[in-house]
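The values are calculated or read from the model by the stated rules, or taken from the named source; none is laboratory data. Quick caveat, the model's predicted, so the values are computed rather than measured. Don't worry about glycine lacking a Cβ; one is built from the backbone with ideal geometry, like all the others, and counts go over all protein chains shown. In case anyone asks, the SASA skips ligands and DNA or RNA and just uses the protein heavy atoms, side chains included. Shrake-Rupley method; radii C 1.70, N 1.55, O 1.52, S 1.80 Å.
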Amino acid sequence: MDTVCIWGRANSVNVQKVLWCCDELGVAFERRDAGMNFGVVDTPAYRSMNPNGRIPTLVDGDFVLWESNSILRYLALRQIERDPAAKAIYPEGAAARTRVDRWMDWVLSTLQPAERALFWGMVRTPPQDRDMAAINAAAKASGEAWGVLDAYLAHGHHFAEGENLTLADIVLGAYARRWFGVQVENRPDLPRLQAWYDRLSKRSAFRQYVAPPLT
């Protein structure tokens, strides 16, 4: 099987979801450190692959792709070409596929902006330097966003197609790891979200690539 290369550090949520997806699909990969303390992303060689200087970047032979959600879609479609059974993770048909896509887009438009200050404030900022007003505001906004998902989960176990794990579960699940992994005051009671997250957290790929301590 052809091996793809994933550039990016292991503690990046956007890299984690790509590695998780590769594992679920059975796509062979190698990961190369890049970003933050590893550097690399500002070198001319890396910028020639990814002009944004961000991670992850995927290299599949002569094909290069950046933007993590686009990478997920590519990996799914690549595998579907080899094994039609893989379509469960990114189902065919306009309605079924866009039900997956909308949650992936929602993470970018709504969830990620809400939770960024919470994660960076609680995980990547020393306690003495934390802006607790900003952190508490982000916690409130994040809780409200996750509440939307909790309500949606009343309709099924996963976010798109019944019992089948989809790309939407992978993207949302990687961010849920951050939500459940930080201390939040007055955390809202979201039982359906918790139950869904508990099911995801039992998957071997989640345990390997997403569950390690937040850093």
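Odds and ends about this structure:
- The stretch between Asp62 and Ala134 holds 21.6 nm of extra length on full extension. This uses 0.36 nm per residue minus the Cα-Cα distance.
- Magnitude of the charge dipole, the chain, Cβ model with Lys/Arg +1 and Asp/Glu -1, debye to 20: 280 debye
- Accessible area expressed per residue, region 3-158, with surrounding protein chains retained (probe 1.4 Å, Å²): 48 Å²
- Max mean-square fluctuation residue, GNM over the chain, Cα-Cα springs under 10 Å, options Ala86, Ala28, Ala133: Ala133
- Database remark: amide H of Ala34 closer than 5 angstrom to the amide H of Gly8, Arg9 (H placed geometrically; neighbours at sequence offset of 5 or more, or on other chains; Pro and chain starts carry no H).
- For Thr57, residues with placed amide H under 5 Å, excluding near neighbours: Trp7
- Of the whole protein surface, Asp105 contributes about 80 Å² of accessible area at a 1.4 Å probe radius.
- Accessible-area composition of the chain, carbon plus sulfur, in percent [1.4 Å probe]: 51 percent
- The chain: C-alpha gyration tensor shape, a/c 1.5 cut-off, then a/b vs b/c: oblate
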